[in-house]
Amino acid sequence: MALKDKITLGMSLPHRSPEPIDMGVVRQVAQRADALGFRDLWVTENTLDHVFSFDPVVILTYAAAVTRSIRVGVSVAVLPVQNPIHVAHQFATLDYASSGRAILGVGLGRDQHYTQFQVPREHRIRRFREQLELIRALWTEPKISYRGSLYQLDAGAMSPRPVQKPHPPIWFGGGHPDAIRRAAVMADGWMGAGGSSHADFKRSVPLLREQLEKARRDPTTFPVSKRVFLSVHERADVARDELHRWFSVVYRNPAGTDACGVHGTPEQVCERLEELVAAGTNHLLLNPIARHAEQVEALASITGLS
């Protein structure tokens, strides 16, 4: 059975790279992924970065405008360093402009985000929870009055409202056990980070399933995803070298090449992806790190989409 018949498949939009990204390639990848039947297009959020990186909402809006049916998502936006009212309006507008194709992935980020954006790290969990409550309320209610310990809003209203009902899906990232517990209760899906190892992912899935069952949610229908940084080439050594350079420059973590990434011939890549399916993923975000247009075609072939 082909991979496409076992799970749903997402594709990364070119958005973060040691070199500038050509907009013609962004358009080509978006349109080919749409035509080939990938479920969704994803970017990360890296506002201050040592490499080239697009703003997620802007580039997803562009991708939505040049495609017809593929969904568009960010995984993840660092929510506590942003104003939830702005985030709610941005993604309501993206959902409206794309005729109901937006996905908002959110996470707590890392310590440097709080320093860079001059937001206190204290009470970040409470801030995160209140932000989500406020976003969902603005998306679903005609007028809201919100009373949190950190956020208050009197008679707030927002238009346009999202097309998706009750609202666009909100996915969580984060591999810490506490983050996984929160995802099981509060999220509409969960994605393991591309920089997290396959071993960590395999440990996280049973905990997520256990927490979903405890929350009386169906683990078989809850999206469980993994972002996979990868390189496919007929020569396995070329694929590994390509991915190793990317992990070294972008993540500054050469060891991630083998611990987190997938590389090799089409047959080798297919085998590694099957291992992630066996570990419990029902959605894979395939994230080529170079030769993007070529890799979309190769991955469509590997997964059975073409």
Inset, instruction - With an 8 Å cut-off on Cα pairs and a minimum separation of 6 or more residues, tell me the relative contact order of the chain in percent. - result: 19 percent
Legend entry - Gained length - residue 115 relative to residue 176, 0.36 nm times residue gap less alpha-carbon distance: 19.9 nm
Inset, instruction - Have a look at 211, 76, 99 and report the one farthest towards the positive end of the charge dipole of segment 3-303, computed about the Cα centre with Cβ charges (Lys/Arg +1, Asp/Glu -1). - result: 211
Inset, instruction - Please identify, among 75, 159, 12, the residue showing maximal mean-square fluctuation in a Gaussian network model of the chain using a 10 angstrom Cα cutoff. - result: 159
Inset, instruction - Could you list 202, 214 in order of exposure, starting from the residue whose Cβ has the fewest other Cβ atoms within 10 Å? - result: 214, 202
Inset, instruction - Order by neighbour count: 38, 91, fewest other Cβ atoms within 10 Å first, most last. - result: 91, 38
Legend entry - Cα centroid separation, segment 80-107 to segment 179-200 (Å): 20 Å
Legend entry - Efficiency of FRET between residue 274 and residue 155 - r from beta-carbon atoms, R0 51 angstrom, step 0.05: 0.45
Legend entry - residue 207-residue 122 FRET efficiency (beta carbon distance; Förster radius 35 Å; 0.05 resolution): 0.85
Inset, instruction - With a cut-off of at most 16 other beta carbons within 10 Å, and DSSP calling the residue loop, which GluC sites (Glu not before Pro) in segment 108-161 qualify? Please list them. - result: 122
Legend entry - In degrees, nearest ten, helix 84-97 long axis to first principal axis of the chain (Cα): 60 degrees
Legend entry - Centre separation in Å (Cα based) which lies between segment 7-75 and segment 236-268: 21 Å
Inset, instruction - Report, to the nearest 10°, how far helix 23-36 tilts away from the longest principal axis of the Cα atoms in the chain, using its own Cα long axis and a range of 0 to 90°. - result: 90 degrees
Inset, instruction - State the number of lysine pairs found in segment 3-303 whose Cα atoms come within less than 25 Å, restricting to pairs 8 or more positions apart or on distinct chains. - result: 8
Inset, instruction - Calculate for the chain the 222 nm mean residue ellipticity that helices alone would give, adding -39,500 (n - 2.57) per DSSP H run of length 4 or more and normalising by residue count, nearest 500 deg cm²/dmol. - result: -13000 deg cm²/dmol
Inset, instruction - Using the number of other C-beta atoms within 10 angstrom as an exposure proxy, rank 225, 197 with the fewest first. - result: 197, 225
Inset, instruction - Once you have a ≥ b ≥ c as the square roots of the Cα gyration tensor eigenvalues for segment 13-144, tell me rounded if a/c is under 1.5, and otherwise prolate or oblate according to whether a/b is larger than b/c. - result: oblate
Legend entry - Acute angle (nearest 10 degrees) that the helix 236-246 long axis makes with the longest principal axis of the chain, alpha-carbon atoms: 30 degrees
Legend entry - Antiparallel DSSP beta bridges within the chain, percent to nearest 5: 15 percent
Inset, instruction - Describe numerically, in nm with one decimal, the distance between label points set 7 Å from Cα along Cα→Cβ at residue 297 and at residue 2. - result: 1.7 nm
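The numbers here are math on the coordinates, done by the rules we state, and not lab data. In this text, all values refer to a predicted model and were calculated from it rather than measured experimentally. With ideal geometry, Cβ positions are generated from the backbone for all residues, glycine too; neighbour counts draw on all protein chains shown.
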